[in-house]
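Since the structure comes first, as structure tokens, the remarks are kept for the end.
The values are calculated or read from the model by the stated rules, or taken from the named source; none is laboratory data. Keep in mind that what you see is a predicted model, and the values were worked out from it rather than measured. Cβ placement follows ideal geometry from the backbone for every residue including glycine, while neighbour counts extend to all protein chains displayed. Areas reflect the complete protein model, heavy atoms only, side chains present, ligands, DNA and RNA absent. Shrake-Rupley method; radii C 1.70, N 1.55, O 1.52, S 1.80 Å.
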Amino acid sequence: MAAFLLRRLGQVIPTLLILSVLVFALQQLMPGDPALILAGEERGDPEVLAQIRSELLLDRPLVEQYLHWLWRVLHGDFGFSWRIRLPVAELILSKLPVTFQLASMSFVIGVALGVPLGVLSAVWKDRPSDWVINGVALFGISMPNFWLGIMMILLFSVQLGWLPPSGYVPLWEDPVQSLATTIMPAFVLGTGVASILMRHTRAAMLSALSQDYVRTARAKGVAERRVVFRHALRNALIPVVTLGTVEFGKLLAGAVLTEQIFTIPGFGKLVVDAVFNRDYPVVQGVVLATALIFVTLSLIADLLYMAINPRMRQA
């Protein structure tokens, strides 16, 4: 186990390094001059533009700019936001708990709905219940998040008045109000995750239920509930775990449209604002943080494989 962890951790550094190079190179292709945006009303003054470019090293070669930024990152300094003059690390840490709360709630909803429905759909294969569950899953996959969000606001906020239409209250300030402001966006995101997990759980369960060890268990008189949950589901969860970690990473990366509709000040809004304002340090910091999240989730998925399937521990 220790050797496995060391090998996986050894893959993190080159992955993040390559990603940082790609992000730094690609963002240079973005149209517009950051100095013009930062100069504001003084964008017509050549001296002001020259001073901004000098302070931000925009007048240096790209390689020198990248190496300077990388050296600071290696020392824990992601730089300052060019637009609001705050440390990038501070911005990320202030937005990450918001998105983490929303993503966690969405993921719990997705797992609670998707996995059980996927198991039931596989057990009830080709029955009317199976058709209904598949139809609901297909509807959930096809339905745009922004449309569902608007419909939920119209129903639960405008018509019924049960929930606030937008805004965000931190969990540590008022748990009840925080839940009220995040339950609708969490449900919007969770339905999409649930639909995807349901389809993959159903496919994995159908494959597991057709294996020889399941037929052997049934021939020995093992109860059907034990066959489904003890033998089939445990093996079927392996691909579902992979998909689940990827979906959770997507949620953490930022649900831009959903956060915009419900005015959630999370990761997605931070990235969008940074891109539109050519705030390169923020874009770079957010991308590296997102990549680190995905790498960490991938490692967690591998550890869960070993916990679910003992044969992988032997391998």
query = If you go through segment 187-203 one residue at a time, do you hit one that is among the basic types (Lys, Arg) and either open to solvent by less than 60 Å² (accessible area, probe 1.4 Å) or out of contact with any helix residue (DSSP H, G or I) (no Cβ under 9 Å at 6 or more places or on another chain) (or both)?
reply = yes
Which listed residue is under 27 Å from Gln11 (Cα atoms), in contact with a Phe, Trp or Tyr (Cβ under 9 Å, 6 or more places away or on another chain) and not small (Gly, Ala, Ser), from Val271, Val286 = Val286
ask   = For segment 113-126, how many residues are within 10 Å of Arg202 (Cβ to Cβ) and open to solvent by 90 Å² or more (accessible area, probe 1.4 Å)?
value = 1
task = Return a yes/no flag: does segment 206-218 have any residue that is in contact (Cβ under 8 Å) with a residue 24 or more places away in the chain and not in a helix (DSSP H, G or I).
result = yes
request  = Look through segment 1-35, keep the residues that are in contact with a helix residue (DSSP H, G or I) (Cβ under 7 Å, 6 or more places away or on another chain), closer than 21 Å to Asp273 by Cα and modelled with pLDDT under 75, and return whichever of them is surrounded by the fewest Cβ atoms within 10 Å (Cβ to Cβ).
outcome  = Gln28
key: Complete set of residues in segment 124-171 that are among the small types (Gly, Ala, Ser) and under 24 Å from Val228 (Cβ atoms)   = Ser129, Gly135, Ala137, Gly140
request  = Being of a type in the set (Ser, Thr, Tyr) and either in contact with a Leu (Cβ under 9 Å, 6 or more places away or on another chain) or open to solvent by less than 50 Å² (accessible area, probe 1.4 Å) (or both) is the filter; apply it to segment 127-177 and report the residue that is nearest to Val193 (Cα to Cα).
outcome  = Ser129
task = Would you kindly identify the helices (runs of 4 or more DSSP H) lying entirely within segment 230-284 that contain at least 1 residues that are under 17 Å from Gly190 (Cα atoms), open to solvent by less than 20 Å² (accessible area, probe 1.4 Å) and of a type in the set (S, T, N, Q)?
result = 256-261
query = Do you know which residues across segment 103-112 are open to solvent by 50 Å² or more (accessible area, probe 1.4 Å) and more than 13 Å from Glu247 (Cβ to Cβ)?
reply = Ala112
